[in-house]
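J.: The structure's right below; bear with me while I get my questions together.
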Amino acid sequence: MEELILQAENVSYAYEEEAAPALRDVSLGIRAGEMTAVLGHNGSGKSTLAKLLNGLYAPTAGKVTVCGMDTALDEYTWQIRQAAGLVFQNPDNQLVASIVRDDVAFGLENTGVPSEKMPAIIEKALRAVGMLEFIDRAPHTLSGGQKQRIAIAGILAMRPRALILDEATAMLDPKGRQEVFSVVERLNREKGITVVWITHFMEEAARCRRVIVMDQGKCVMDGTPREVFSQAEKLRSLRLDVPPMVALGDLLRARGLNISRDAMDVESMAGEVLKCQ
Ligand code: ADP
Ligand code: MG
């Protein structure tokens, strides 16, 4: 059986007793090494799910486990936070120190790593996100994409099994968005870190292995990008689009061109179109 890194079983979550629950009976398993996108209209429950999946919130009903540890049990709090790191949307709210090096060290200091081992761990984490040369810089002098990569390095230093990123590129310019997505994609591919990538960019979702769609606190779609994005009508009813290249592929196929349904980003679409010449 494949190992489940993150698991939600019949999970509900309500912010207030009287209010409608933000999550309703959600069950899902995230397998080791998977890179999963989570899509959904505003208010569908994505951020709430993110905070439950790393134990920041405990479920109102049901059970969440991180690497088999029940997030409702206090005894696992630190191990869970270390195993599943959460990156938020706003790069300015995540950096706490006045120097990059200290920022990456911040989480580590709570893990009991001997201080003489810390410099090497910090350097390795910064190298993994392509930010080693910025080690002595002040975070406020960095771009949004660079700040998000520092936030990721701070988590990496703790050797997590999973990274949960809650619209980590939403406030970035296109260059920063590409930088951060590529770094995360590489950490997944080369280090086998399990990734939950919450986004409203369809093109990013198309590059993940699995796509989950949320609506009104429930998971309403779950499949490969090809399976999910072939259901354009259903996505529209959930107030979501298909990735632009999926829409283009549909148009070209309707005109008789033999375009693969797996071509969902610009590069693979260009390849398909060139084959048609
Ligand atoms: P998403 O991230 O998909 O936009 P959220 O998880 O933030 O969705 O929100 C899901 C629902 O929970 C929404 O109805 C939202 O208004 C509500 N909600 C989110 N955060 C809070 C909070 N801190 N207090 C009360 N209600 C909240
Ligand atoms: Mg959100």
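J.: Does at least one position in region 251-263 carry a residue that is under 22 Å from residue 214 (Cα atoms) and surrounded by 15 or more Cβ atoms within 10 Å (Cβ to Cβ)?
T.: Taking region 251-263 first, the residues under 22 Å from residue 214 (Cα atoms) are none.
No, that holds for no residue.
J.: I'd like the residue in region 39-50 that is part of a loop (DSSP other than H, G, I, E, B) and of a type outside the set (Gly, Ala, Ser) and, out of all such residues, is surrounded by the fewest Cβ atoms within 10 Å (Cβ to Cβ).
T.: Going through the qualifying residues, I end up with 42.
J.: Pairs, please: C-beta under 6 Å, at least 6 apart or cross-chain, first residue within 16 Å of ligand 2 (Cβ to nearest atom) and in region 203-220, second open to solvent by 30 Å² or more (accessible area, probe 1.4 Å)?
T.: What qualifies is 212/219; 212/222; 213/220; 217/21; 217/24; 218/24.
J.: Looking for something within 16 Å of ligand 1 (Cβ to nearest atom), modelled with pLDDT of 95 or more, in the same structural domain as residue 173 (by TED's automatic domain parsing) and buried (at least 22 other Cβ atoms within 10 Å of the Cβ) - is there at least one such residue anywhere in region 66-74?
T.: Checked region 66-74: no residue is within 16 Å of ligand 1 (Cβ to nearest atom), modelled with pLDDT of 95 or more, in the same structural domain as residue 173 (by TED's automatic domain parsing) and buried (at least 22 other Cβ atoms within 10 Å of the Cβ).
Yes or no, residue by residue, for (1) more than 16 Å from ligand 2 (Cβ to nearest atom); (2) assigned to a strand (DSSP E or B):
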site	(1), (2)
9	yes, yes
17	yes, no
25	yes, yes
37	no, yes
52	no, no
59	yes, no
80	yes, no
98	yes, no
104	yes, no
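Residues are listed down the side, and each one gets a yes or a no for (1) under 25 Å from residue 160 (Cβ atoms); (2) open to solvent by 90 Å² or more (accessible area, probe 1.4 Å); (3) within 10 Å of ligand 1 (Cβ to nearest atom):
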position: 11; (1), (2), (3): yes, no, no
position: 17; (1), (2), (3): no, yes, no
position: 23; (1), (2), (3): yes, no, yes
position: 26; (1), (2), (3): yes, no, no
position: 29; (1), (2), (3): yes, no, no
position: 34; (1), (2), (3): yes, no, no
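J.: A further question on this structure: Among the numbered conditions (1) surrounded by fewer than 23 Cβ atoms within 10 Å (Cβ to Cβ); (2) under 12 Å from the mean Cα position of the chain (by Cα), tell me where residue 152 comes up short.
T.: (1)
J.: While we're here: Which condition number in (1) at pLDDT 95 or above; (2) open to solvent by less than 20 Å² (accessible area, probe 1.4 Å); (3) not charged (D, E, K, R) is the one that residue 91 fails?
T.: (1)
J.: Quick one: is residue 196 in contact with a helix residue (DSSP H, G or I) (Cβ under 7 Å, 6 or more places away or on another chain), under 26 Å from residue 24 (Cβ atoms), among the aliphatic types (A, V, I, L, M) and within 16 Å of ligand 2 (Cβ to nearest atom)?
T.: yes
J.: Checking the conditions here, which among 18, 34 is closer than 23 Å to residue 190 by Cα and either of a type in the set (Asp, Glu) or modelled with pLDDT under 95 (or both)?
T.: Numbers: 18 fails: closer than 23 Å to residue 190 by Cα.
Testing whether each residue is closer than 23 Å to residue 190 by Cα and either of a type in the set (Asp, Glu) or modelled with pLDDT under 95 (or both) leaves just 34.
The values are calculated or read from the model by the stated rules, or taken from the named source; none is laboratory data. All values derive from a computational prediction rather than experimental measurement. Note: ideal-geometry Cβ built from the backbone for every residue, glycine included; neighbour counts use all protein chains shown. Accessible surface areas use protein heavy atoms only, side chains included; no ligands, DNA or RNA. Shrake-Rupley method; radii C 1.70, N 1.55, O 1.52, S 1.80 Å.
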